[in-house]
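Single-structure report; data block below.
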Amino acid sequence: MNIFLRLLQRLLAFSCILLGIVGVGILYYIVFQIPSVDELKTIQLQVPLQVFTRDNKLLAEYGETRRIPLPYDQIPKPLIEAVLATEDQRYFQHPGIDIPGLLRAAIKLAVTGKKEEGGSTITMQVARSFYLNSHKTFGRKLREILIALKIEHTLNKQKILELYLNKIFLGARAYGVEAASEIYYGKSLNQLTLDQYAMLAGLPQAPSSLNPLAHPSAALKRRNHVLGRMYELHYIDEKTYKAAIAAPLNAHHHNLQIQIKAPYVGELVRQQLQQLYGDRIYTDNLKVYTTVDSQLQNAANQAVHDGLIAYDQRHGYRGPEQNFGAPSLKHMEEWEKSLGKIPIINGLEPAVVVDINTHSITALRANGSLVMISWQGLSWARKQINPDLLGRMPKTATEIVSLGDIVRLMETPQGWRLSQIPLAEAGIIALNPLDGSILALVGGFDFQHSNFNRITNANRQPGSSFKPFIYSAALDKGYTLATVINDAPVVVENPTDSSLWRPQNDEHRFYGPTRLRDALTQSRNLVSIRLLDLIGLPYTISYIQRFGFTAAQLPAGLSLALGTALVTPLQMAAAYAIFANGGSKVVPFAVNSIRDGKNQIIYQAKPLIACTRQCTPPLNASVNIYAPRVISPQNAYLITSTLHDVIQRGTAKLARRLQRKDLAGKTGTTQNQVDAWFAGYNSDIIAVAWMGYDQQQRSLHEWGAQAALPLWIQFMEAALQGHPEHPMEQPPDIVSVRIDPLTGKRATANDPVGTFEYFMKPYIPVQESTPAVQDNTTAPEGGGVY
């Protein structure tokens with residue numbers, strides 16, 4: 001018997017030792033798997049890419065999650081109290097685990113046999129969200145407890161709570177309390193009221209089923225529970241409690257608070273960063289600061305909007321988008337829902353006509369309100385028979401719309417106005433000519449309607465806006481602005497099929513002997529073709545590549561003189577910047593700097609800058625800070641002088657309304673009026689406006705001066721407001737000489753019709769004009785008469 005007891009004692013002791021060893025092994029295994037929590041001290045939460053203007057206004061955000069991290073001291077105290085009241089009332093007393101809570105969960109398990117969440121402190125939730133999965137197992141719970149203890153040993157309570165409130169998912173793609181505040185209430189967290197804090201504090205338990213947008217009744221009940229807990233724990237008094245539970249839920253979905261509308265810029269930046277950093281840009285809290293000026297961007301947005309609306313209305317009303325049928329009260333709610341599914345396009349709101357009077361209509365909007373459009377907002381709508389033919393002016397509203405018509409409305413200071421989505425497109429690009437920084441960019445009428453960026457990606461013919469590059473090439477070869485070329489018929493044979501090309505001036509007239517200044521000012525096609533033939537195609541194509549164009553873009557034929565190259569508006573702006581800055585080639589760029597999640601600069605643009613005057617050598621001789629000079633300052637000055645005349649007395653006289661003497665520019669219209677351009681500048685800014693259809697054979701039925709120039713004028717009027725005039729300084733070796741305007745030769749001092757012209761010193765005319773003109777074409781290197 002004693003032997004049996006001794007054996008039993010030894011067996012029990014061995015079993016205890018064995019169980020102890022196994023237990024220690026299991027515990028060692030669990031502890032060994034516990035990660036270091038030191039990284040939580042400096043952890044960077046997943047935050048989307050944000051893009052800002054140069055004056056720090058948000059223009060775009062990219063990423064699946066919406067998160068705006070806040071430091072603990074910027075989190076409002078009422079929100080903290082609401083969270084603690086409902087999630088972890090003993091948070092500041094326990095060491096990371098709540099023993100009573102764990103015991104309650106254990107008892108519930110023993111009674112029901114079910115593993116349910118319970119007893120989880122905020123610290124344990126932080127441990128779970130950063131290090132563990134959501135599977136409910138005993139092993140995971142034990143690791144959760146051990147990690148929580150380790151977190152409490154490593155971080156203070158405030159830091160742990162900060163991590164929790166910035167990490168937690170709160171529904172509607174919102175991660176963290178600040179993002180949830182902006183999504184549900186459209187306000188920053190510090191602007192909310194107590195009832196709104198309580199609503200946010202109630203979401204962590206079930207962010208989907210308690211979402212106030214999808215389940216308002218459940219959300220209201222949960223909010224009031226949180227307020228009740230705050231009252232029970234004496235965070236609020238009875239009066240405050242009653243006032244808070246009486247408040248309406250007031251939660252609505254709010255889109256991201258974009259401060260500046262520049263989606264084409266945002267997408268351009270996103271694509272560039274995607275190439276540099278890959279997909280981590282959507283989570284690594286990168287902040288990109290662009291070169292875009294918010295005021296100039298607003299001006300460009302408005303100019304494109306107004307210019308396209310004005311062009312579209314000049315060409316008549318095309319009719320409703322669809323018709324809902326006869327109005328009736330029982331259809332109103334259904335119509336409102338249908339209208340809500342139709343997107344608003346750049347301020348053009350869908351509405352349905354529900355009443356028509358002689359000179360006004362009433363329309364139902366998606367929000368259920370009724371608006372009246374007076375005759376002032378209707379009378380423009382002549383029926384478009386075809387793009388070049390309009391019907392008679394309407395006399396009554398019934399000639400324009402019918403009941404049930406789905407139309408577009410635009411709100412103006414004068415009231416609501418009938419409108420329609422333009423079929424044409426337009427864009428504006430503005431650069432600083434000294435360094436190439438993009439100041440404003442609009443790539444189309446509406447990014448939601450079409451995200452194709454016509455400024456950077458549309459290859460279009462520039463028409464006569466390309467002529468300055470031909471004339472610059474001629475000046476570099478010894479021609480002068482006083483060189484006379486005959487404006488007379490030209491016939492060019494196509495060697496491939498023996499067909500004949502007979503180009504014309506826009507006015508279908510011939511002007512005879514014409515000085516180059518006048519030819520460019522008045523955009524004479526035939527003079528430009530003859531000039532290109534005189535200086536030679538191979539030379540010209542090679543020369544024009546200095547402006548950033550490639551040989552593949554430039555057709556090897558005399559049509560190049562009329563702008564048949566294929567270029568983007570961005571390329572044109574960069575090329576004109578060379579004239580504006582006095583001859584240096586700058587590279588357009590949009591990203592000025594990039595900061596990481598620690599607010600450290602990881603990229604800083606270092607553009608080469610144009611040297612406009614006597615330039616100081618850089619301190620480090622091995623580092624070049626100046627953009628390469630590709631044409632002489634004298635060449636740039638002579639072209640600018642001529643393009644100044646384009647505005648003062650040429651094809652862009654409409655721009656004289658800006659009442660400035662420092663502007664230069666050139667209109668452009670392509671064959672059949674498919675594309676309309678205006679490129680213009682002073683020494684501080686270069687802007688290019690383009691208009692056309694995406695269907696590249698479709699005609700605008702307007703010239704560049706009619707379609708594109710008004711956009712440029714409206715933009716520049718805003719861009720130059722308050723800025724003094726800044727004309728280009730006359731460089732050395734430019735002299736003014738009196739010439740005979742008919743021959744281009746030097747005039748005598750007492751010539752009554754003499755006019756002054758600028759020349760580069762090597763090309764000053766020395767021969768005085770004689771009464772008889774022997775040749776209609778004069779050029780330093782020969783050439784013939786066509």
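Per-structure values
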item: Conditions (1) touching a residue at least 12 places away in the same chain (Cβ under 8 Å); (2) more than 23 Å from Gln125 (Cα to Cα): number failed by Ile168; result: (2)
item: Exclusive hit being among the hydrophobic types (A, V, I, L, M, F, W, C) and open to solvent by 50 Å² or more (accessible area, probe 1.4 Å), set Ile631, Ile647, Ile602; result: Ile602
item: Test: residue in the stretch 163-171 that is more than 23 Å from Gly101 (Cα to Cα), open to solvent by less than 10 Å² (accessible area, probe 1.4 Å) and assigned to a helix (DSSP H, G or I); result: yes
item: Filter result for Gln257 (polar (S, T, N, Q), closer than 24 Å to Ala174 by Cα and open to solvent by 60 Å² or more (accessible area, probe 1.4 Å)); result: yes
item: Residue selected from the stretch 34-71 under the condition hydroxyl-bearing (Ser, Thr, Tyr) and at pLDDT below 95, by the criterion most open to solvent (accessible area, probe 1.4 Å); result: Thr42
item: Hits in the stretch 584-595 (condition: in a strand (DSSP E or B) and among the hydrophobic types (A, V, I, L, M, F, W, C)); result: Phe589, Val591, Ile594
item: Helices (runs of 4 or more DSSP H) wholly inside the stretch 478-583 containing at least 3 residues that are open to solvent by 20 Å² or more (accessible area, probe 1.4 Å) and either in contact (Cβ under 8 Å) with a residue 24 or more places away in the chain or within 28 Å of Gln696 (Cα to Cα) (or both); result: 537-544
item: Qualifying position, being surrounded by fewer than 19 Cβ atoms within 10 Å (Cβ to Cβ) and more than 16 Å from Asp312 (Cβ to Cβ), among Leu654, Leu663; result: Leu654
item: Cβ-Cβ under 7 Å pairs, at least 6 apart or on other chains, the stretch 85-97 side over 18 Å from His153 (Cβ atoms), far side of a type in the set (Phe, Trp, Tyr); result: Ala85/Tyr235
item: In the stretch 85-117, the residues that are of a type in the set (Gly, Ala, Ser), modelled with pLDDT under 85 and either in contact with a strand residue (DSSP E or B) (Cβ under 7 Å, 6 or more places away or on another chain) or surrounded by 14 or more Cβ atoms within 10 Å (Cβ to Cβ) (or both); result: Gly101, Ala105
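Okay, residues lined up against (1) aliphatic (A, V, I, L, M); (2) part of a helix (DSSP H, G or I):
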{"position": "Lys221", "(1), (2)": "no, yes"}
{"position": "Lys242", "(1), (2)": "no, yes"}
{"position": "Ile245", "(1), (2)": "yes, yes"}
{"position": "Asn250", "(1), (2)": "no, no"}
{"position": "His253", "(1), (2)": "no, no"}
{"position": "Leu256", "(1), (2)": "yes, no"}
{"position": "Leu268", "(1), (2)": "yes, yes"}
{"position": "Tyr277", "(1), (2)": "no, yes"}
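Table: residues versus (1) out of contact with any strand residue (DSSP E or B) (no Cβ under 6 Å at 6 or more places or on another chain); (2) aromatic (Phe, Trp, Tyr).
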residue	(1), (2)
Ser528	yes, no
Asp533	yes, no
Tyr539	yes, yes
Ala556	yes, no
Ser584	no, no
Asn599	yes, no
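The values are calculated or read from the model by the stated rules, or taken from the named source; none is laboratory data. Quantities reported herein were computed from a predicted structural model and do not represent experimental measurements. Cβ sites come from the backbone with ideal geometry, for glycine too, and all protein chains shown count toward neighbours. We work out accessible area using only protein heavy atoms, side chains counted, and drop any ligands, DNA or RNA first. Shrake-Rupley method; radii C 1.70, N 1.55, O 1.52, S 1.80 Å.
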